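Here's the structure, in structure tokens; my notes come after.
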Amino acid sequence: MAYYFMVEEKKGKYSPLDITKSACFTRESRLKGMGCEIKEIDLFTSSFNYEKELREHLILNGILTPENVSKNLSIRIKKGDKYKKVMYDFLYQKDIQYLVDPRLLINRINNKLADQDYRFVYEFASHFSSDYRCSSTAIEVLRYTSDSIRIGNTYKHFYDRDENNDMALTRLIKLIIYDNYQRNDGKIIYTGKVNNLNLHRVIAFVNNYDKKIKMEKELTEETQVFVRKKTLKKDKQIPGQFNLFDE
């Protein structure tokens, strides 16, 4: 399936950029022209540390024109006569480890449960609960998360293992990112093949969540500083003012 690296030249008008001209791009698929596999785009963007570095590279290589340097960039897939955006943002250098070894991503997500970040687990399971491949497991994880919040500790059934020795959260992630099938006896068999679009979606979801939490924390800290300053200013006595509470 062809995905396109695109720039929004003006509101609602998207044009593909030919990233195949870059020395950082490696063609692994049989696609022609500017269409790419999602993995090819992810491996390209993960050559860079952040968006500014990516944009500078695109400008220097004549892929992005100077007049579009600040325009929105995105990965899109053609649906009819429109281009639909792939979830969230680009992947960068820090994400290459997960593209190479998705088991590291599974560990990263499981660590959030170990840290009792139930908000993340709940949002993650909710987001993917509509996917038929993992809906029943997502509902199971949602139920365990609600119970964990209720009792103030990780619910015991979170640690139950299935026939593959996976806990429910691990099974949910694997059902999303690995191709699989279910045998007649009910056992889930993972083929080992990665669903590259879903791997992108999961990495991007975790990154977006962490970014959101960081912004919320910074906003809270800024608000606390503002309140302290206002309180200090209010409490400061004006010279000559009679203080009713002086002893």
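Just so it is clear, none of the values below were taken in a lab; they were calculated from the coordinates. Keep in mind that this is a model prediction, so the values were computed, not measured. Positions of Cβ are backbone-derived with ideal geometry, glycine not excepted, and every protein chain shown enters the neighbour counts.
Across segment 85-95, coupling constants 3J(HN,Hα) worked out from phi with the 6.51/-1.76/1.60 Karplus curve, θ = phi - 60°, read 6, 6, 3, 6, 9, 6, 9, 10, 3, 5, 8 Hz, and Gly and Pro carry x. Here is the list for segment 75-171: GluC sites (Glu not before Pro) lying in DSSP coil, each with at most 12 other C-beta atoms within 10 angstrom of its C-beta, are E163. Taking chymotrypsin sites (Phe, Trp or Tyr not before Pro) in DSSP loop states with no more than 10 other Cβ atoms inside 10 Å as exposed sites, the chain has its longest site-free stretch at 1-131.
For the chain, the 222 nm mean residue ellipticity estimated from helices alone, with every DSSP H stretch of n ≥ 4 adding -39500 (n - 2.57) and the total spread over all residues, rounds to -15000 deg cm²/dmol.
Across the chain, Cα pairs under 8 Å and at least six residues apart give a relative contact order of 14 percent. Putting +1 on Lys and Arg Cβ atoms and -1 on Asp and Glu Cβ atoms, find which of S135, N110, G152 reaches farthest to the positive end of the dipole of segment 61-152. Value computed over the given set: S135. In loop segments of segment 1-80 as defined by DSSP, the trypsin sites (Lys or Arg not before Pro) with at most 11 further C-beta atoms inside 10 Å of their C-beta are K11, R27, R30, K32.
Per-residue Karplus couplings for segment 29-44, computed as 6.51 cos²θ - 1.76 cosθ + 1.60 with θ equal to phi - 60°, are listed in order as 9, 9, 5, 10, x, 8, x, 9, 6, 4, 5, 5, 5, 5, 5, 5 Hz, Gly and Pro entered as x. The GluC sites (Glu not before Pro) of segment 19-53 that meet both conditions, a loop assignment by DSSP and at most 16 other Cβ atoms within 10 Å of the site Cβ, are E28.
Pull up the cross-link candidates among the lysines for K217, meaning alpha carbon to alpha carbon under 25 Å and not fewer than 8 places away within one chain. Correct list for K217: K52, K94, K112, K229, K230, K233. Full extension of the segment from D162 to E221, taken as 0.36 nm per residue of separation minus the current Cα-Cα distance, would add 17.0 nm.
Only lysines eight or more places from K84 in sequence, or on another chain, were considered; those with a Cα closer than 19 Å are K10, K11, K13, K39, K71. Across segment 130-135, computed HN-Hα scalar couplings (Karplus, 6.51 cos²θ - 1.76 cosθ + 1.60, θ = phi - 60°) run 7, 7, 4, 5, 9, 4 Hz from first to last residue, x flagging Gly and Pro. Projecting the Cα atoms of G192, Y50, T26 onto the charge dipole of the chain (Cβ charges, centred on the Cα centre) puts T26 farthest toward the positive pole. If you take Rg/Rh (Cα atoms, Kirkwood Rh) from the coordinates, which of (i) 1.12; (ii) 0.99; (iii) 0.95 do you get? This structure yields the entry labelled (i).
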